[in-house]
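Below is one structure, written out as structure tokens; comments come after it.
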Amino acid sequence: MCNEPKESYCNSHSVPQFSLKTIAENGKLLQSAALLNAASLEDKKGVKNSGVFHIICNSCDKLYFRDYENIDNIVKKPTDKIMGQIAVKNFLLQISKRLAEQNLYQEQFRKINRSITFESKLEDINLDLKDYFLDYEINKDVVDNNRKNAYHILFWDILPYKIPIASQGAITLKKDYKNYPVNNVYDTSPDICMQSFHLLTLPLENQSVVLAFYHKKDKLYSQLRHQLNSIKKEDVLKYLNYIIFKETENYYISTKIEEKIFSNKRLLELAAEHNELPNLGMVNLFNLHNYKPVEIDEIPNLLSEEWAL
Ligand SMILES: [Zn+2]
């Protein structure tokens, strides 16, 4: 971010630490990876290692996100600056994930298997990286130059109770609330940019922040905005809760509700869905024909008061 050569990088949190701390038990949190492998409960990590990535230098990490990583600011109606900082953080996390995958596949490609599969995977990663870098620049420009009216808020509320799940991320939706298409993720033509929206759920001591927004250039989300504006708040929360499990992996759950989570088969199946296929998309003929994608009414709404800690 500062364009200076650095020797080391910060333990950057993709979800603010102050929020993770409020739902941790003995400093531990349930990671999304644990839901994919319910038998192994080793996927509990401390707050310090939850959702961290390493591509931001120490001084940038301290300076750049200080408005949004501040409890006093995050409980107020979000400004363009705050949303800009959240979006920049989200795209840096996506970039860091894709760079790691790129390394992995390049290594495989060189060492083991010069197959077309690896080559096409690398092409997909490069396309994603191009989109994410562009979005990173656009949102950084909002913050750096104090731009106004850059975002549309899809939903914002301060809930008067503590939810058991902290999450934050950029999401590329394929279908909206009424199942109309949003992004065509199979269109790999280089001039098409995927459009993302941002979602965060932050538990605090006695309340919780739920915020969803998108950059105004990402017009594919205007339909979703109208849909969410015309339904009850409870139904918006239910939908956002479903999206967290269906589309994201950057969420952290209080271990206090661990048993209830692991006893809910459909919730675990939803967490493991990839493009509506079970088992992270690694299917055999049996589950390809027999699996029904999990629907919104089949899972508990962790953002509702019923699940408050
Ligand atoms: Zn820096």
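The values are calculated or read from the model by the stated rules, or taken from the named source; none is laboratory data. Keep in mind the model is a prediction, meaning the values are calculated, not measured. Virtual Cβ from ideal backbone geometry, glycine too; neighbours counted across all protein chains shown. These area figures cover heavy atoms from the full protein model, side chains too; ligands, DNA and RNA do not enter into them. Shrake-Rupley method; radii C 1.70, N 1.55, O 1.52, S 1.80 Å.
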Quiz item: What accessible area per residue comes out for the chain, rounded to a whole number of Å², with a 1.4 Å probe?
Solution: 52 Å²
Quiz prompt | Estimated [θ] at 222 nm from DSSP helical runs (n ≥ 4, -39500 (n - 2.57)) normalised by residues in the chain, nearest 500 | solution = -12500 deg cm²/dmol
Quiz item: What aspartates and glutamates sit close enough to Lys77 to cross-link, taking a C-alpha to C-alpha distance under 12 Å and skipping anything fewer than 8 places away on the same chain?
Solution: Asp157
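For Met83, Met282, Met1, Met194, give me the order by solvent-accessible area with a 1.4 Å probe, most accessible first, ignoring ligands, DNA and RNA.
Accessible-area ranking of Met83, Met282, Met1, Met194, largest first: Met282, Met1, Met194, Met83.
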Quiz item: Within straight cross-link reach of Lys81, meaning Cα distance under 13 Å, which aspartates and glutamates are found once same-chain residues fewer than 8 apart are removed?
Solution: Asp67, Glu69, Asp141, Asp144
Quiz item: Past the 18 Å Cα-Cα mark, which pairs from Lys178/Lys233; Lys162/Lys256; Lys174/Lys246; Lys217/Lys246; Lys62/Lys140; Lys6/Lys97?
Solution: Lys217/Lys246; Lys6/Lys97
Quiz item: By Kyte-Doolittle mean hydropathy of at least -1.0 and Cα axial length of at least 18 Å, which whole DSSP H helices of the chain are selected?
Solution: 80-111, 116-144, 233-247
Quiz prompt | Coarse-grained scattering of the chain at q = 0.08, 0.09 Å⁻¹, given as base-10 log I(q)/I(0) from a Debye sum over alpha-carbon atoms | solution = -0.36, -0.46
Quiz item: Whose amide H sits under 5 Å from the amide H of Glu25, counting only residues 5 or more places off or on another chain, with H placed in the peptide plane?
Solution: Thr255
Quiz item: Out of Leu268, Pro190, Ser208, whose Cα points farthest toward the positive end of the dipole of the chain (charges: +1 Lys, Arg; -1 Asp, Glu; placed on Cβ)?
Solution: Ser208
Practice problem: Go ahead and run the numbers for FRET between Leu285 and Asp72, Cβ-Cβ distance against an R0 of 41 Å, rounding to 0.05. | Solution: 0.15
Self-check item: Nearest-10 value in Å² for the accessible area of Ser263, using the 1.4 Å probe
Solution: 90 Å²
Exercise. Go through the range 265-276 residue by residue and turn each phi into a ³J(HN,Hα) via Karplus (6.51, -1.76, 1.60, θ = phi - 60°); whole Hz please, and just put x for glycine and proline.
Key: 4, 5, 5, 5, 5, 5, 4, 9, 6, 9, 6, 6
Exercise. Can you run the Rg to Rh ratio on the range 45-119? Use alpha carbon positions and the Kirkwood inverse-distance Rh.
Key: 1.16
Exercise. Would you work out the relative contact order for the range 12-307, in percent, from Cα pairs under 8 angstrom that are 6 or more residues apart?
Key: 21 percent
Quiz item: If you keep only loop residues by DSSP, which chymotrypsin sites (Phe, Trp or Tyr not before Pro) in the range 162-226 have at most 16 other Cβ atoms within 10 Å of their Cβ?
Solution: Tyr186
Quiz item: If the cut-off is a Cα-Cα distance under 19 Å, which aspartates and glutamates reach Lys111, setting aside same-chain residues fewer than 8 apart in sequence?
Solution: Glu101, Glu119, Glu123
